Amino acid sequence: MKKEDMVKLISAEGFEFVIDKDAAMVSQTIYNMLTSPGSFAETQHGEVTFPEISTTILEKICKYFYWHLQFASGKETEFPIEPELTLELMMAANYLHT
Amino acid sequence: MESELVRLCIEAACENRESVEKWRGQRRSLERLPSHLADAFLRRLIHRRLLFPSLLEVFKHSVEKIDLRGEKSVDAEWMAYLGAFHYLRSLNVADCHKVTSSALWPITGMTSLKELDLSRCMKVTDAGIKHIISISTLEKLYVSETGLTTNGVTLISSLKNLSLLDLGGLPVTDQALSSLQVLTELQYLDIWGSEVSNKGAAVLQKFSKLSFLNLAWTNVTKLPNLPSLKCLHMSNCTISSLLEGDGGKPPLKKLIFSGSKFENEAEALMHIETSFLSFLDVSNSSLQRFCFLPNMEALKHLDLSSSIMGDDLVEHVACIGANLRNLNLSKTRVSSAGVGILAGHLPNLEILSLSYTPIDDVAVSYFSMMPLLRAVDLSNTNVKGFIHQEGANPDLFLSLKALESLNHLERLDLEQTHVRDAALKPLSSFQELKDLSLRSAFLTDVSLHYLSSLPKLTNLSFHDAVLSNSGLNLFNPSATLKKMDLCGCWLLTEDAILSFCKKYTQTEVRHELVHVLPSNSNGSTSPSPSLLTSRTLLVNQKQGNISISPSFVDQRLKYNREELLSLQYSSLSRAIPLDRGSTLLMNQSSSMS
């Protein structure tokens, strides 16, 4: 796997999630960060830090990205969300436009 | 529009009572919720019937908009919590019958509230309005069909920021209206069914920004000129003059004169500026000559139903047909000849109703000249579905074939016509058809078979037909079929219908013998009324344990079990208002014994 096809998402606590660029781009916000023509640090290093998003939530978000890709390609499964996570996840999803 | 994951989160959070308890304690997160998320979240909780007064508390820092319309349980306790919502901009408690004047006390002096809907809260009286007038920020107030008297209406004059005021069905007198003239920001005023007369109508000129006015069911016959008026409702009035007087002509867009009487139609409508007028409803009115129509070239929506319109006058409609999208001619004297005059002049028409007119199949053959038609109502007409062609060809010409060229046809109503099976054959090629209504004792399995090939059929009503079990069994509808109404198909048996439902689980089927809802009716589809009631009962039952207001006396504490059981059958129990709570109690006590 080539490095430029991957992207690193960093949580508030500093945990790093390395995922496919395609998956990360499910988020409109990340898509804009990675594709905008300006010299965003994010565009150059393929690294995005989310000081507002905890590790648990960011992990869930990453799982959602992959689930979304699968769902879009026709694999109809449920995406389980624990009720305890709903509020934080909702806010993160709202921020990420996903 | 919230994003996909937000939607999934809200769904998961509102799954059931247990999931609510899982997040209920996360106060810091709840306080940080952006208002649009909080609003959507609360809406879902209400829809899922998981909301109860004390749960409202956790939303008091985030929610800006609450719609509790028609929620029967909303009472003083709910209002007490709502009063603490710091950022609430809009509160809708229309049709919440337990909301009384005193229940409104907690919302006194709210500082952000701009919109309040109390429509049909019958127990809100003048005393309630005294609480409301302390909310000086109010811009929109709906109090139609409440318990307000003329005095209460007069009090509203202190809400100087009002731009919308709905006083429908209240006893507003000329004097009360006159006291409201200080509300100079008013753009929308609804006083249908009031006691306002011509004298009061003269006051309306003081509202210089007025763009919407409803005077239906009043004694107003002369309406003065209102230069900003865009929309006027004067249904069921007797009209002698309209908008006569100095000042510019109002840029009218919408006029509704349904059921109105005109003393002299040419004179009454003389002062109307027609260049922006796009909506005109003169159904059931006394209009005779329609000579004003040719000036109304911008009309998109024209309702002439139950009027004197006929073939002799239809020329007036034809000459303004270029922009028409929606034309209602039902219950008029327009016949096929009239439709012939109209055809070719209605290039943009999308919706056409000709129900209860003397038209026959000749009219149907003209429809191909209205290429954008989406919905056609031909119910209760003489349409047979075929035309006898004189001469060589002995075959019958199927008139519905003319509709084949309508690429946008989504809805067709052929109820109570004379169509037989053979005439419906062209239907099988209607690619866009979503809604179809048929009702005839002549139709059989053959007709239903034609409909198997409709790819987008969503709603099918197939009434009173001679439909057999095997016919239903052979019916192979598109997966899009959501609703099928088979009422009056007397040959069908319960077993046959149930086995059909088993095969097509996505379809809701109605019949006298059974009413089967789609089997996958989870939270996302709205449950039927009967399901709702049972769920409400369940919620009420659970609520009882969590939130008990101080004034609430549990009936089980008041009476011991023996007394309760004896009450159950005594004649006295009928005198006690049997609301849901007490019925529930009875069930419980009987299950205990």
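Laboratory data are not the source of any read-out in this text; all were calculated from the coordinates shown. A quick note: this is a predicted structure, and the numbers were derived from the prediction, not measured. Cβ placement follows ideal geometry from the backbone for every residue including glycine, while neighbour counts extend to all protein chains displayed.
A compact table of results
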quantity	calculated
Beta bridges per DSSP with both ends in the protein assembly as shown, % antiparallel, nearest 5	10
Inter-chain shielding of B:20-27 (mean C-beta neighbours from other protein chains, 10 Å cut-off)	3
Rounded to whole Hz, the Karplus (6.51, -1.76, 1.60) HN-Hα couplings of the stretch B:408-420, x for glycine and proline	10, 5, 10, 9, 9, 10, 10, 5, 6, 10, 9, 5, 10
Where only C-alpha atoms are counted, convex hull volume of chain A per residue in Å³	101
Pairs beyond 18 Å (Cα-Cα), from B:Lys98/B:Lys123; B:Lys482/B:Lys502; B:Lys114/B:Lys206	B:Lys114/B:Lys206
In order through the stretch B:105-116: 3J(HN,Hα) via Karplus (6.51 cos²θ - 1.76 cosθ + 1.60), integer Hz, x for Gly, Pro	4, x, 8, 4, x, 4, 9, 10, 5, 10, 9, 9
For A:Glu47, B:Glu71, order by how many other beta-carbon atoms lie within 10 Å, fewest first	A:Glu47, B:Glu71
Gyration tensor (alpha-carbon) shape descriptor, chain B, a/c threshold 1.5	oblate
Packing-based order for A:6-12, B:253-259, using average beta carbon neighbours within 10 Å, highest first	B:253-259, A:6-12
Unsatisfied cross-links (Cα-Cα over 31 Å) in the set B:Lys22/B:Lys130; B:Lys65/B:Lys249; B:Lys199/B:Lys230	B:Lys22/B:Lys130; B:Lys65/B:Lys249
Integer Hz, Karplus 6.51/-1.76/1.60 couplings in order for the stretch B:284-296, x for Gly and Pro	6, 8, 8, 4, 10, 10, 6, 6, 7, 4, x, 7, 8
Under 20 Å from the Cα of B:Lys300 - aspartates and glutamates, other chains or at least 8 residues apart	B:Glu273, B:Asp281, B:Glu315, B:Glu350, B:Asp377, B:Glu410
Gyration tensor verdict on the stretch B:267-354 (Cα atoms; rounded if a/c is under 1.5, prolate if a/b is larger than b/c, oblate otherwise)	oblate
Average beta-carbon neighbours from other chains, 10 Å sphere, peptide A:58-70	1
Neighbour-count ranking [beta-carbon atoms within 10 angstrom, fewest first] of B:Ser241, B:Ser285	B:Ser241, B:Ser285
Cα centre as origin, Lys/Arg/Asp/Glu Cβ charges: the stretch B:228-345 dipole, Debye	420
Ranking of A:Thr77, A:Thr98, A:Thr35, A:Thr29 by count of other Cβ atoms within 10 Å, fewest first	A:Thr77, A:Thr35, A:Thr29, A:Thr98
Under-5 Å amide H pairs with A:Thr49, H placed in peptide plane, nonlocal only	A:Ile10
DSSP bridge orientation in the stretch B:274-417 - percent antiparallel, rounded to nearest 5	10
Measure of compaction for the protein assembly as shown (Cα Rg per 2.2 N^0.38 Å)	1.17
For residues of B:454-463, the mean tally of beta carbons on other chains within 10 Å	0
Built amide H within the under 5 Å cut-off of B:Val196, gap 5+	B:Asn219
Mean residue ellipticity (222 nm) of the protein assembly as shown, computed from DSSP H runs ≥ 4 via -39,500 (n - 2.57), nearest 500	-8000 deg cm²/dmol
